Amino acid sequence: MYDFSYHKPSSLAEAAKALGSAEDGKLMAGGMTLIPTLKQRLARPSDVIDLGGIVELKGIRRAGNALVIGAMARHAEVAHSDVVRSAIPALAELAEGIGDPQVRNRGTIGGSIANADPAADYPAAVVGLGATVETNKRKIAADDFFKGLFETALEDGEIVTAVSFPIPEKAAYMKFPNPASRYAIVGAFVAKTGGGVRVAVTGAGPSVFRVAAMEQALAKSFTPDAIKDIKVAADGLNADIHASAEYRAHLVTVMARRAVAAAAG
Amino acid sequence: MSETGIGAAVRRKEDFRFLTGQGTYTDDINRPGQLHAVILRSPHAHAAIRGIDTAAAAAAAGVVAVFTAKDMAADGVGGLPCGWQIHSKDGSPMIEPPHPALATDRVRHVGDPVAVVIAETKAQAREAAELIAVDYQPLPAVASAAEAQKPGAPQLFDAAPGNLCFDWHLGDKAQADAAFARAAHVAKLDIVNNRLIPNAMEPRAAIGEYDKATGEYTLYTTSQNPHVIRLLMGAFVLHIPEHKLRVVAPDVGGGFGSKIYHYAEEAIVTWAAGKVRRPVKWTADRSESFMSDAHGRDHATHAELALDKDGKFLGLKVSTIANMGGYLSTFAPAIPTYLYATLLAGTYTTPVIYCEVKAIFTNTVPVDAYRGAGRPEATYILERLVDTAAREMRIDPAELRRRNFIPKDAYPYQTPVALQYDSGDYFTTLDKALAAADYAGFARRRDEAARRGKLRGIGLATYIEACGIAPSAVAGSLGARAGLYEAAEIRVHPTGSVTVFTGSHSHGQGHETTFAQLVADRLGIPIENVEVSHGDTDKIPFGMGTYGSRSLAVGGSAIVKALDKVVAKGRKIAAHLLEAAEADIQFKDGKYVVEGTDRAKSFGEVALTAYVPHNYPIEELEPGLDESAFYDPKNFTFPSGAHVAEVEIDRDTGIVELVNFTACDDFGRIINPLIVEGQVHGGLVQGIGQALLENCVYDPEGQLLTGSYMDYCMPRASDVPSFAVSTNTTLCTHNPLGVKGCGEAGAIGAPAAVMNAVLDALSPLGIRHLDMPASPERVWRAIQQHSLAQAAE
């Protein structure tokens, strides 16, 4: 990697200040994407601001009818948290399926959603549960947060502080992992809440997306059969050596159906 | 059987140092004053080099030197040699283009080395490497051998029109055609053996060192055969005589064939160390390994099997296009020829076999031996063909194999493709495998799976391999440019402990334990009193190293021969001490005993006498008890086996789950069953990886699409079931231990067994063939197409 200045602030304010005064600063949460990128010399930030020392970004708590997960909560903490397991077990299971044990013990929810990798798991839960992303400046609704390939609504100097998930009646996540990387080729998060049904898909497109036709059908009948014939178009979906767009489109229906079965079961 | 002798499941002596992080790998070695090398590699699959400007790099912080091909040429450095020469059908020798350590005027694959930067730190070398300006003129490139042989394809070498390296054959085509003319049935397949990237756990590394005082060079390197590297690099590349060149292969973390070859980086660091008069270290990062370690397999084949009405094999015809990559790696020409076509008889009595192989240059990383090396490719074709024939003729696959097995009483058995098998019993091996796999009960399991919506299939493969490579004269007559014996030296120390110096090299195989068991067993001394030394050409005798499952059969036999000499000399000394006739002395359980008496001298007492010869027959016998031996095998060894795989396929996703795997193998006498089982497990996982997960993919322009673990899928523990492995032993008849070798078996049998299971599961849909790997989308597409076709009918 190229040389950079390293900062490890102990408060959010200090982090924002360091980021603001850096010529080309990068925030580092778990570093699971940033470090490999630096090692491959694909990025050359002037400053790296490590968020690992900021206590206010940590922690998982229940707040009324919501589950609030600090931005620096590691995947392994979410996976093993009793609070998460009792409130939204599907979220704990999603976290348990991310990467491998090393990644789960370093990677964070804040880092994952701020990076907005098209094949990351968390975006499916954030959108699928209609969560709210909290930053040092504002609160952003899930549907407004993910803007495209590695693109979010975050502005310069804005730092994710927590994600607040409403607690659903039923929810499940089903992932078809890339056999090599274990990222999602297709991951479908399905949730039934007081406000309706949500179906959010990661991995298949440039960014996480909802499938309105499935949501409407499931609102009428929350059963796998209700969506078995609902297909998404292959146009615009991702394609690589592991899965064509057509195959991904097919898998969206399969994984959503299986998620409904798991949630309903 | 003693607790540490032949046949004992001794825990590996070497594991303590490995498991506690105390191994010494090449990258762990740091020499005083050491510099670091970073190699600039081609980003292009094919390009002319119009110029290289190294001025900015040379001026960068910490840089000691920047070298290109011009600098090496000015010193008379030669190209990397090829160790095997093949002749084409017309008798002409293979095309052997130059293989410079650093590219001269053209690069021929992504990763081809272009320049080397040597600096105080690795980071400085890296920074400077980015400052080298190479003026490339990109040229059209071709990655597929099938495409590269077509008219109009991009050409890699002027000397190799049509990119043809050689057009070779084995067998009699006219006889084969005659056999096919009599056939009641012909099974045909077009079949691809997918390209693999070896991925040893330890990336390659090399340190070159030059001693100004003595003029001696030392190379520390990740090699399976340090003496071979010394010979090739000293004699052909750097022109350093052997007595001034030491090659050390310390602990090596896996090879699988990829660390047999003499690589450019070894020559570069050794030569550069002499230029800059300081040690120079290079360690590959993982991305470099993907684009510079020799790859494996990559065949495209059309094969046909002729059968009579009863399913007896009448003849086999095989036509293969083998991808050689951008240059010839050290043993590349031998792999798709003499290690491949000679195995096409398999376990069967097929009377006529004809095989032709076109070896083609492409803009890809050179291809060479990878675990199994030619034998998995042959086994895969044969066993897929046999299953195809069984299905088409409606004969049970196990039964069809039995009808064609070489009879138990037919050994030695001469195949039509040059080899003579010395021993085997394929019937019992298959029966044991089928019983362990509950082959008879499969229909019940298939029906139960169907109720869960899954397609379940069972597949078997039998295999034969030629190991214990090789009788030197035979190998020489087939084009090998080296002998293939092995050497051993037994150094008995004055108080009776022993150091074994072996030309074999352990890079995961557990030789330090297995070889120590041979000594403990023969000399009757505790295994703790035996040390096995390997890897340092200054210590070990001139031996050929470890590959082709040869270490025990050839290297172990050399040790046994040397031990025999030690015991014989000890007998003379004991006879003197016991004042008895030599013929009356028996050596047993570590003691020389006068037959029929209780008068005895222990091995330790005899050893001490040999080194403190106060009371000694000094007129007739030299002092000391060191002996050495070379062993040149009389024949190959022929391990064989039967593997049974069982899979379940998810129709909705195409995911193949391997649910059961059973292997019964004949490895001859087993010295350490624990180590053998471990070798089988490792081989199976690599074979299963090839069948289901691993695939090296280049785009049509020669860019490597699977250049990291994000896209190249290595098998994980969770991808495989718990294996049921067993053995059925027939002894090798021509080596002193009766051993055959076990290192490659798993990787040879598993691909065909798994794919036969996949195709069995898919057969109700009318799917008759899929290429490896049986990836989810490939399986799903086949299911979709055939379901639609069935629906239309």
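Quick note: the coordinates plus some simple rules give every number you see, no bench work behind them. Source: prediction; values computed, not measured. When we count neighbours, we look across all protein chains shown, and the Cβ atoms used for this are built from the backbone with ideal geometry, even at glycine.
Observations
- Under the simplified labelling scheme, the B:R394-A:H80 pair shows an inter-label distance of 6.0 nm, with each label point 7 Å from Cα along Cα→Cβ.
- Inter-chain shielding of A:34-44 (mean C-beta neighbours from other protein chains, 10 Å cut-off): 1
- Solution diffusion estimate, µm²/s, Stokes-Einstein, chain A, Kirkwood Rh from C-alpha pairs, 10 °C, viscosity 1.306 mPa s: 85 µm²/s
- Once you reduce segment B:329-375 and segment A:44-86 to the center of their Cα atoms, the two points are 55 Å from each other.
- For B:S88, residues with placed amide H under 5 Å, excluding near neighbours: B:M94, B:D167
- In this simple spin-label model, placing a label point 7 Å from the Cα along the Cα-to-Cβ direction at both B:L621 and A:E155 gives a separation of 9.6 nm.
- Per-pair calculated FRET efficiency, R0 = 35 Å: A:D143 and A:D225 via Cβ, rounded to 0.05: 0.80
- Computed from backbone phi with θ = phi - 60° and the Karplus coefficients 6.51, -1.76 and 1.60, the 3J(HN,Hα) list for segment A:135-151 is 10, 5, 10, 6, 10, 10, 5, 3, 5, 9, 7, 8, 10, x, 4, 6, 10 Hz; x is used for glycine and proline.
- Kirkwood estimate for chain B, i.e. one over the average of 1/r between Cα atoms, Å: 27.8 Å
- Normalising the average separation of contacting C-alpha pairs (under 8 angstrom, six or more residues apart) by the number of residues puts the relative contact order of chain B at 15 percent.
- Using the Cα coordinates of segment B:648-712, the gyration tensor eigenvalues translate into equivalent-ellipsoid semi-axes of 31, 19, 9 Å, sorted from longest to shortest.
- Each principal axis of the protein assembly as shown carries a Cα extent, and these read 102, 75, 67 Å when sorted largest first.
- Intensity falloff of segment B:701-793 expressed as log10 I(q)/I(0), Debye formula with alpha-carbon point scatterers, at q = 0.15, 0.17, 0.21 Å⁻¹: -0.87, -0.98, -1.16
- Subset of B:K244/B:K565; B:K312/B:K408; B:K572/B:K601 violating a 19 Å alpha-carbon distance limit: B:K244/B:K565
- Fewest-first sequence of A:V103, B:V656 by Cβ atoms within 10 Å of each Cβ: A:V103, B:V656
- Extension reserve of the B:Q784-B:A581 stretch, reckoned as 0.36 nm per residue once the Cα distance is removed: 64.8 nm
- Theoretical FRET efficiency, 1/(1+(r/R0)^6), r = Cβ-Cβ of B:Y611 and B:D536, R0 30 Å, to 0.05: 0.80
- The distance from the alpha carbon centre of segment B:243-310 to that of segment B:441-505 is 20 Å, rounded to a whole number.
- Binning the C-alpha pair distances of segment A:1-53 at 5 Å intervals from 0 yields a P(r) profile of 5, 22, 32, 24, 13, 4, 0 %, listed from the shortest bin outward.
- Here the spin labels are modelled as points 7 Å beyond Cα on the Cα-Cβ line, and at B:T121 and A:A212 they lie 5.6 nm apart.
- Label zone (B:S763, point 7 Å along Cα-to-C-beta; backbone nitrogen cut-off 16 Å) within segment B:640-671: B:644-649.
- Gain in span if fully extended, B:S726 to B:S602, counting 0.36 nm per residue against the direct Cα distance: 40.8 nm
- Cross-link partners of B:K259 among aspartates and glutamates (Cα-Cα below 16 Å; sequence separation of 8 or more within a chain): B:D27, B:E202, B:D251, B:D285, B:E288, B:D293, B:D368, B:D536, B:E744
- Paired Rg and Dmax values of segment A:170-264, which use every Cα atom, in angstrom: 12.5, 40
- Charge dipole (Cα centre; +1 on Lys/Arg Cβ, -1 on Asp/Glu Cβ; no other charges) of the protein assembly as shown amounts to roughly 1740 debye.
- Shielding by partners - mean other protein chain Cβ count within 10 Å, residues of A:179-186: 5
- Between the beta carbons of B:D699 and A:S21, assuming R0 = 35 Å, the FRET efficiency works out to 0.20 to the nearest 0.05.
- You can think of it this way: the chain between B:E448 and B:H302 has 48.9 nm of extra reach, that is 0.36 nm per residue less the Cα-Cα gap.
- In summary, the lysines within cross-link reach of A:K17, defined as a Cα separation below 28 angstrom excluding same-chain residues under 8 places away, comprise A:K8, A:K26, A:K39, A:K58, A:K137, A:K139, A:K147.
- The dipole here belongs to segment A:1-138: it is taken about the Cα centre, uses +1 on the Cβ of Lys and Arg and -1 on the Cβ of Asp and Glu, and is about 140 debye.
- Euclidean distance of C-alpha centroids, segment B:181-210 and segment B:18-46, integer Å: 26 Å
- Here segment A:1-53 is treated with +1 on each Lys and Arg Cβ and -1 on each Asp and Glu Cβ, and its dipole about the Cα centre works out to around 180 debye.
- Rg/Rh for segment B:486-642 stands at 1.02; both radii use Cα atoms, and Rh follows the Kirkwood definition.
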